[in-house]
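One structure is given here, and the rest of the page talks about it.
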Amino acid sequence: MESTSQVKPAPKLFPLIVERLRVKHYSKRTEEAYIQWIKRYILFHSKRHPREMGATEVEAFLNHLAVEKKVSASTQNQAKSALFFLYDVVLEQALPALENVTKIKVQKKLPVVLSKQEVQAILSSLDGTAWLIVSLLYGSGLRVMECLRLRVVDIDFARLEIFVRDTNGHKNRITLLPASLVEPLKMHLQNVQALHNEDLSKGFGKVWMPPELAKKYPDAGKDWQWQYVFPSSRLSVEQQSGLVHRHHADEKPIQRAVKKVVTQAGIKKMVTPNAFRDSFATHLLEGGQEIKTVQQLMGHANESTTRLYTKVVNTGGRGVASPLDVI
């Protein structure tokens, strides 16, 4: 007797990739980057299905990026991570060690550092939430996404501390909260809490929670303490679950605001929001703080990363004052 059961068709590749990325709780930014790299890999090999390819084709693509496209080491590493995810997690065809990939030499660039006068000029031209965010970047040494991902519970006003959560949960750290930002931040949180209460009254008010916390505390997503300090101005729907959340604010408006005031101030430097974090470290070292302390506040795994700031401390290309200036 013939079986009436039918073999289910294999799921389409890209919906499967998205599903696995979200099950693993990768960020939206990483999801978008991985999808683009996988598409470029497939197009590079004339639209062949990845199942028909393997280590040889992956090596060829990564070498193409290094030799012909001359991408940076970090860009090549991101492409490599995307393809390892594709084969190891999605297709369940583990790749062997890639021994024939052209490795790109990592070039450590000196950070863009603002003078204290330049920082003051920029901050004086900002207002509202943009001013508060940039003040925290400079005053606490936060990366822009670290700042935007802060939860209410992460702010300790009594101890003047900020708990910085690593997205992977492996490199959490504590940095300082400037005393001058206590009152502005408290006033800002009053407005955020009013918005949260409004969301709750409409049946919303839940934020995304790290998987381990969501499992342990299923209703914590609606608690005030877990709300984002800098929430988005609009609600969004999580594609996987269909739940309505208020995510954290986007970094693009901050980037645009900084670019605008830097141009208006006539500052001839390639200033991004993260330049304020670099200035935080440099100015602490200039003020005599020990490098180990600065390393901990910045969350650097290696002291050598922090030492890079000593190359731009004080004046001159090598941090040396000209003898002409001291006579």
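Derivation of every value follows stated rules applied to the coordinates shown; laboratory data play no part. Owing to the predicted nature of the structure, the values given are computational and were not obtained by experimental measurement. Here Cβ is always computed from backbone atoms with ideal geometry, including for glycine, and neighbour counts include all displayed protein chains.
Of all chymotrypsin sites (Phe, Trp or Tyr not before Pro) in the range 81-169, which ones are in loop regions per DSSP and have a Cβ with at most 16 other Cβ atoms within 10 Å?
Answer in residue order: PHE157.
Beyond 29 Å, how much of the Cα-Cα pair distribution for the chain remains, as a whole percent? Display every interim value, and only then the final one.
On the way: 28009 of 53301 pairs.
Distances greater than 29 Å cover 53 percent of the Cα pairs.
Residues of the range 36-50 with backbone nitrogen within less than 13 Å of a virtual label 7 Å along the Cα-to-Cβ line of LYS69, please, listed as ranges.
36-45, by backbone N distance to the label point.
Contour minus end-to-end for LYS260 and LYS171, with contour as 0.36 nm per residue of separation and end-to-end as the Cα-Cα distance?
28.7 nm
The range 181-271: D in µm²/s via Stokes-Einstein (Kirkwood Rh, Cα pairs, 25 °C, 0.890 mPa s)? Write down the numbers at each step before the final one.
Working: Rh = 15.3 Å.
It comes out at roughly 161 µm²/s.
Quick one: which residues, 5 or more positions from VAL313 or on another chain, have an amide H under 5 Å from its amide H? H modelled 1.01 Å from N in the peptide plane, none for Pro or chain starts.
none
Please label the shape of the range 1-126 as rounded, prolate or oblate, based on the square roots a ≥ b ≥ c of the eigenvalues of the alpha-carbon gyration tensor (a/c under 1.5 means rounded; beyond that, a/b larger than b/c means prolate, else oblate).
oblate
Spelling out what I want: for every residue of the range 204-220, take phi, set θ = phi - 60°, compute 6.51 cos²θ - 1.76 cosθ + 1.60 (Karplus), and round to whole Hz; glycine and proline get x.
Listing the rounded values in order: 10, x, 9, 10, 5, 10, x, x, 5, 6, 4, 6, 6, 10, x, 9, 5 Hz.
Give a residue-ordered list of calculated ³J(HN,Hα) values for the range 141-156 (Karplus: 6.51 cos²θ - 1.76 cosθ + 1.60, θ = phi - 60°; whole Hz; x for Gly, Pro).
Here the 3J(HN,Hα) series is x, 8, 6, 4, 6, 4, 5, 5, 8, 4, 9, 4, 5, 7, 9, 10 Hz.
Under the Karplus relation 6.51 cos²θ - 1.76 cosθ + 1.60, θ = phi - 60°, what is the ordered set of whole-Hz ³J(HN,Hα) values for the range 303-313, x standing for Gly and Pro?
After applying 6.51 cos²θ - 1.76 cosθ + 1.60, I find 5, 4, 5, 5, 4, 4, 6, 5, 6, 10, 6 Hz.
If each DSSP helix of 4+ residues adds -39,500 (n - 2.57) and the sum is divided by the residues in the chain, what number results at 222 nm, nearest 500 deg cm²/dmol?
About -13500 deg cm²/dmol.
Averaging the inverse of every distinct alpha carbon separation and then flipping it gives the Kirkwood radius. What is it for the range 74-157, in angstrom units?
Details: mean 1/r = 0.0582 Å⁻¹.
By the Kirkwood definition, the hydrodynamic radius is 17.2 Å.
Suppose each label sits 7 Å from its Cα in the direction of the beta carbon; what would the THR102-ASN77 distance come out to in nanometres?
Spacing of the two 7 Å Cα→Cβ label points: 2.0 nm.
Rounded, prolate or oblate: which fits the range 35-86 when a ≥ b ≥ c are the square roots of the eigenvalues of the alpha-carbon gyration tensor, with rounded for a/c under 1.5 and prolate only if a/b beats b/c?
It is prolate, given that a/c is not under 1.5 and a/b is the larger ratio.
Using the Kirkwood radius over Cα pairs, work out the Stokes-Einstein diffusion coefficient for the range 226-276 at 25 °C and 0.890 mPa s, in µm²/s as a whole number.
Reported coefficient: 186 µm²/s.
So between LEU16 and LEU95, what do we pick up on full extension, going 0.36 nm a residue minus the alpha carbon distance?
On the way: separation 79, 0.36 × 79 = 28.44 nm, distance 1.86 nm.
Length difference between fully extended and current span is 26.6 nm.
Along the charge dipole of the chain, Cβ charges K/R +1 and D/E -1, which of GLN190, SER125, VAL294 sits furthest on the positive end?
The residue sitting most towards the positive pole is SER125.
Count neighbours as other Cβ atoms within 10 Å of each site's Cβ, and list the GluC sites (Glu not before Pro) in the range 19-87 that are DSSP loop with at most 10 such neighbours.
GLU68
Quickly work out the THR56-to-GLN225 label distance, labels modelled 7 Å from Cα along the C-beta direction, and quote it in nm with one decimal.
5.8
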